[in-house]
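K.L.:
Please find one structure pasted underneath; my questions will follow.
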Ligand SMILES: *[C@@H]1O[C@H](CO)[C@@H](O)[C@H](O)[C@H]1NC(C)=O
Ligand SMILES: *[C@@H]1O[C@H](CO)[C@@H](O)[C@H](O)[C@H]1NC(C)=O
Ligand SMILES: *[C@@H]1O[C@H](CO)[C@@H](O)[C@H](O)[C@H]1NC(C)=O
Ligand SMILES: *[C@@H]1O[C@H](CO)[C@@H](O)[C@H](O)[C@H]1NC(C)=O
Ligand SMILES: *[C@@H]1O[C@H](CO)[C@@H](O)[C@H](O)[C@H]1NC(C)=O
């Protein structure tokens, strides 16, 4: 189970755990055909002014996030990484100011190992109980979406846990905090888990527009265990591809704890590991009509990586971890 490592841009807010983000909402008339799809985080994107099923009115700063992992830990079970591609982490609904909530509807808790284990991450939060039912991956077959399931197993890959557990984590921790995936939005003919499948398909559609590996490769930045790279070059390549500055996250040793960086004041991390793309979205996030937004738009940092030229590793995957 992977957990976001760079929380500097956001902070967790206190307790939200009701079954619907806007209690008392009717399940009628949310086809969204007659609604103007307002831009999230604009003044019209407010639950008093528009249908929150048709314009995102809760978490309007939408983030599509990806990992660069070098192994999964479950290679022996066939859980491997896709060649020439970063993998999908998730699709998250941050508030417009960059803070966020999590596990917003505990009646749709499908995460076997909740992280954090309360809605606030603190002892005073509502406990998030581990889920022990059938993996969320089994929710797709009744909708005839085995092709989506196969795609997810290829590109939405977990490290250290089965893929399905990770998808359950992403759905329950994050997707339940979008207004447009709320149950009333699906109308009186709602079929159980319909919104789960809808979320997976939406997360995948964003991911498909964000070829991180290709954007880096076009700038001659390719995985290597011998070459080192500069944050500014990664930023330039991804900003050119995306149209706004994403957040680039690194793990591994701090630069000034390495031999090369000894004695410097650069304590950024040195192994490229994640990228977060920020959007404002027109109407339902399901429409996949996002406007790229700079990761710095809330005054936040755009990276935790070392800034010194040539300080970063973009490592090759382990032998046998990639197909
Ligand atoms: C749904 O739409 C119908 C037809 O326009 C209308 O009669 C009804 O009042 C609406 N229901 C709600 C809850 O808005
Ligand atoms: C950010 O926005 C949310 C939702 O509107 C609000 O509850 C929270 O207090 C805001 N946080 C800060 C730090 O302004
Ligand atoms: C959450 O995890 C912490 C640290 O492991 C533990 O002390 C606490 O009892 C757990 N809380 C719940 C509600 O499970
Ligand atoms: C690394 O840099 C940070 C911030 O500049 C400093 O606080 C820390 O002591 C440095 N660590 C080492 C090992 O030099
Ligand atoms: C490259 O380096 C990574 C990280 O140290 C390591 O896990 C991987 O096995 C190496 N890959 C190859 C092909 O040597």
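The values are calculated or read from the model by the stated rules, or taken from the named source; none is laboratory data. This is a predicted model, so every value here is computed, not measured. Every residue, glycine as well, gets a Cβ built from its backbone with ideal geometry; the counts of neighbours run over all protein chains shown.
K.L.:
Which condition number in (1) over 30 Å from residue 77 (Cβ atoms); (2) out of contact with any strand residue (DSSP E or B) (no Cβ under 9 Å at 6 or more places or on another chain); (3) surrounded by fewer than 18 Cβ atoms within 10 Å (Cβ to Cβ) is the one that residue 258 fails?
P.N.:
In the conditions (1) over 30 Å from residue 77 (Cβ atoms); (2) out of contact with any strand residue (DSSP E or B) (no Cβ under 9 Å at 6 or more places or on another chain); (3) surrounded by fewer than 18 Cβ atoms within 10 Å (Cβ to Cβ), residue 258 misses (2) alone.
K.L.:
Being over 19 Å from residue 191 (Cβ atoms) and in contact (Cβ under 8 Å) with a residue 40 or more places away in the chain is the filter here; which residues of the range 129-152 pass it?
P.N.:
Listed by number, the residues that qualify are 131, 151, 152.
K.L.:
Check every one of the strands (runs of 3 or more DSSP E) wholly within the range 244-322 and list those with 2 or more residues that are over 17 Å from the mean Cα position of the chain (by Cα) and over 30 Å from residue 53 (Cα atoms).
P.N.:
The strands (runs of 3 or more DSSP E) meeting that bar are 247-254, 269-281, 312-314.
K.L.:
Can you confirm whether the range 52-59 contains a residue that is within 22 Å of the chain's Cα centre (by Cα), away from ligand 1 (no atom under 16 Å from the Cβ), crowded, with 18+ Cβ neighbours inside 10 Å and at pLDDT below 95?
P.N.:
For the range 52-59, residues within 22 Å of the chain's Cα centre (by Cα), away from ligand 1 (no atom under 16 Å from the Cβ), crowded, with 18+ Cβ neighbours inside 10 Å and at pLDDT below 95: absent.
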